[in-house]
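The values are calculated or read from the model by the stated rules, or taken from the named source; none is laboratory data. Nothing here was measured: the structure is a model prediction, and the numbers come from that model. Quick reminder, even Gly has a Cβ in these numbers, built from the backbone with ideal geometry, and neighbours come from all protein chains shown.
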Amino acid sequence: IQRANKLISAIGMPLELDTDGIWCCLPATFPENFTIKSTQPGKAKYVVNYPCVVLNKMVVDYNTNEQFQTLVDPVNLKYETKSECSIEFEVD
C-alpha cells in the first residue's frame with residue numbers, strides 16, 4: 001500500500017488507503033482502460049484497466065514469496081516449493 005501511495009502521489013491524488021487498496025483521483029488524461037486486439041480473426045478484444053495492471057505488476061515484483069511451500073507428502077514430509085503472490089488490486 002505504501003508503494004502504491006507513492007506511485008499514485010506522483011501521478012494523481014490518493015484519497016484513502018486501507019488494508020487492501022487505494023482510492024485515488026487520476027488526471028482525466030491518464031489512460032484508464034487499454035484494449036488489446038487479437039490478430040486472429042474471430043478472437044474477441046480484451047480490455048484491461050491500466051492503473052490496476054500497473055499496481056498489480058508492482059505488487060508481484062515486490063511482494064512475491066519465492067519460497068512458498070505446500071506439504072505434498074505428509075508421511076515423508078515432502079514439500080513443493082513455488083512462487084506465490086496472493087495480493088491483488090482490483091477496480092471498484
Exercise. How do the pairs read when you match residues in region 10-37 that are among the acidic types (D, E) with residues anywhere that are assigned to a strand (DSSP E or B) and modelled with pLDDT under 90, using Cβ under 6 Å and keeping only pairs 6 or more apart or on different chains?
Worked result: E16/W23
For this session: Could you list, in sequence order, all residues of region 17-51 that are surrounded by 10 or more Cβ atoms within 10 Å (Cβ to Cβ), hydroxyl-bearing (S, T, Y) and part of a loop (DSSP other than H, G, I, E, B)?
Result: S38
